[in-house]
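So the structure is just underneath, and the comments pick up after that.
No lab work stands behind these numbers, since they all come straight from the coordinates. Nothing here was measured: the structure is a model prediction, and the numbers come from that model. With ideal geometry, Cβ positions are generated from the backbone for all residues, glycine too; neighbour counts draw on all protein chains shown.
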Amino acid sequence: MRIGGTHYRSIWMEEDPAVIKVIDQRKLPFELKVVKLENVKDVYDAIAGMVVRGAPLIGVTAAFGIYLAGLNSNPGNWCDEVNLAGEKLISSRPTAVNLKYAIDLMMDEVNCAGSREGMIDRLFHLAVRLAEDQVNECRKIGEHGVALIRDLYKRSGRTVNILTHCNAGWLACVDYGTATAPIYLAHDLGIPVHIWVDETRPRNQGARLTAFELGEHGVPHTVIVDNAGGHLVQNGEVDMVLVGSDRTTRRGDVINKIGTYLKALAARDNEIPFYVALPSSSIDFSMKDGNETVVEIRDGSEVTHMEGWDDKNKRPARVRILPETSNVANPGFDITPARLVTNLITEKGIYEATEEGIQSLF
């Protein structure tokens with residue numbers, strides 16, 4: 001996708017095989033800062049500190065972290081060091097299932113009875129393949145999902161209004177995005193769309209990232225406060241809700257950014273379709289019920305303070321918005337029951353959010 005007319009991915013390599021580059025998403029939309037990841041600590045800090053975020057991108061970044069662990073390992077103790085790196089990285093974010101999926105795939109290539117050089121080569125090629133697979137999967141999600149947008153446009157003959165939540169765009173993946181992939185494709189095909197972008201407190205990833213992405217691509221959009229979503233749905237200003245997923249259970253429960261559940265309730269109450277776009281790697285077959293999820297509780301400073309841009313002094317600004325004596329709770333995710341999900345949009349097609357529907361994916 002584009003920033004200032006230049007094509008970017010959210011993670012990439014250039015000439016130096018020992019350096020992985022990512023966009024520091026904490027700085028957007030005010031500053032485009034590229035961060036170099038050169039070792040396991042860099043990768044851990046980038047994931048835990050939300051330099052990179054979004055389930056698909058977290059998985060790919062972790063894969064490159066395992067590769068860097070192998071590349072930088074001591075020839076006399078390389079196997080133990082890579083295994084320790086896997087254990088460290090798996091703890092960087094607890095909710096996104098893609099993290100464990102990618103690390104498990106990478107660790108399967110670590111054969112302690114083999115050679116270190118062979119292991120490094122395998123890890124490199126697998127990390128690159130996982131990144132390319134992610135791009136292809138998101139493109140296919142777009143191809144399947146755009147049919148739903150096209151059908152709505154054909155029936156109404158007017159602009160299709162889509163409500164989304166948080167950032168499930170190319171910044172959260174490697175390219176295209178999940179929930180945004182059908183939107184970008186619809187826009188590029190000339191189907192008139194308008195996106196309602198909720199701010200997504202507490203880190204404002206909708207207002208800061210999704211709005212930034214859509215603006216760079218020329219997609220018409222309007223930013224709203226989180227709690228305006230239900231009002232818009234209730235008043236007929238939304239044709240469909242389209243969100244991503246950090247983890248989906250084998251029965252179709254969707255674990256996604258806090259606030260997703262409220263959008264699903266509003267959609268159901270007003271008979272608006274609620275779609276979840278995700279790669280099949282975001283499905284956790286070990287988890288039957290969404291309530292089995294350990295929801296990440298994030299630092300309270302994300303709620304007590306607001307980050308923004310000081311127009312007067314032309315610099316980032318951070319201000320307190322709560323009384324110092326107030327307690328804060330900051331759960332990062334919520335669970336949307338499968339019964340509220342109209343369909344899952346995957347790279348393999350569109351499926352019901354049921355155990356039978358998900359099993360048919362494979």
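Ranked from highest to lowest mean number of other Cβ atoms within 10 Å per residue, what is the order of the peptides 209-215, 23-29, 344-350?
Sorting 209-215, 23-29, 344-350 by mean packing, highest first, produces 209-215, 344-350, 23-29.
Would you kindly calculate the mean projected area, averaged across all directions, of the convex hull enclosing the Cα atoms of the range 143-359, in square nanometres?
So the Cα hull casts an average projection of 13.1 nm².
On a 0 to 90° scale, report how tilted helix 78-90 is relative to the longest principal axis of the chain, with both axes built from alpha carbons and the result rounded to the nearest 10.
The answer is roughly 20 degrees.
Enter the per residue convex hull volume of the chain, computed from alpha-carbon coordinates, in Å³ rounded to the nearest integer.
Convex hull of Cα atoms, per residue: 151 Å³.
Taking 20 °C and 1.002 mPa s as the conditions, I'd like the Stokes-Einstein D for the range 196-307 in µm²/s, using the Kirkwood hydrodynamic radius from alpha carbon pairs.
Using the Kirkwood radius from Cα pairs, D works out to 139 µm²/s.
Taking neighbour counts of Cβ atoms within 10 Å as a proxy for exposure, in what order, fewest first, do 219, 276 appear?
Taking fewest neighbouring Cβ atoms as first place, the list is 219, 276.
Work out, step by step, the length gained on full extension between residue 326 and residue 188: first 0.36 nm times the residue separation, then minus their alpha carbon distance; give nm to one decimal.
Here the answer is 45.0 nm.
How about the range 223-295: which chymotrypsin sites (Phe, Trp or Tyr not before Pro) there lie in a loop by DSSP and see at most 16 other Cβ atoms within 10 Å?
Here the chymotrypsin sites (Phe, Trp or Tyr not before Pro) that fit, given the DSSP loop and packing criteria, are 285.
Pairing the Cα long axis of helix 55-71 with the longest principal axis of the chain, what angle in degrees results, from 0 to 90 and rounded to the nearest 10?
10 degrees
In terms of Cα to Cα distance under 22 Å, which lysines are near enough to residue 41, apart from those fewer than 8 places away along the same chain?
List returned: 21, 27, 33, 88, 100.
Kindly provide the helix-only [θ] at 222 nm of the chain, computed as the sum of -39,500 (n - 2.57) over DSSP H runs of four or more divided by all residues, to the nearest 500 deg cm²/dmol?
Computed ellipticity for the chain at 222 nm equals -11500 deg cm²/dmol.
Remind me, relative contact order of the chain in percent, using alpha carbon pairs under 8 angstrom and six or more residues apart?
Averaging sequence separation for qualifying contacts and normalising by length gives 16 percent for the chain.
If you line up the long axis of helix 260-269 against the longest principal axis of the chain, both from Cα atoms, how many degrees apart are they, to the nearest 10?
Rounded to the nearest ten degrees, it is 30.
For the range 1-28 and the range 291-362, what is the centre-to-centre distance using only Cα atoms, to the nearest Å?
If you average the Cα positions of each part, the centres end up 24 Å apart.
If N is the number of residues in the range 2-133, what value comes out of its Cα radius of gyration divided by 2.2 N^0.38 Å?
1.02
Isolated Cys in the chain by the 4.7 Å beta carbon test?
138, 166, 173
For the range 240-362, go through all pairs of different Cα atoms, get the mean of 1/r, take its inverse, and jot down that Kirkwood value in Å.
Kirkwood radius, the range 240-362: 16.2 Å.
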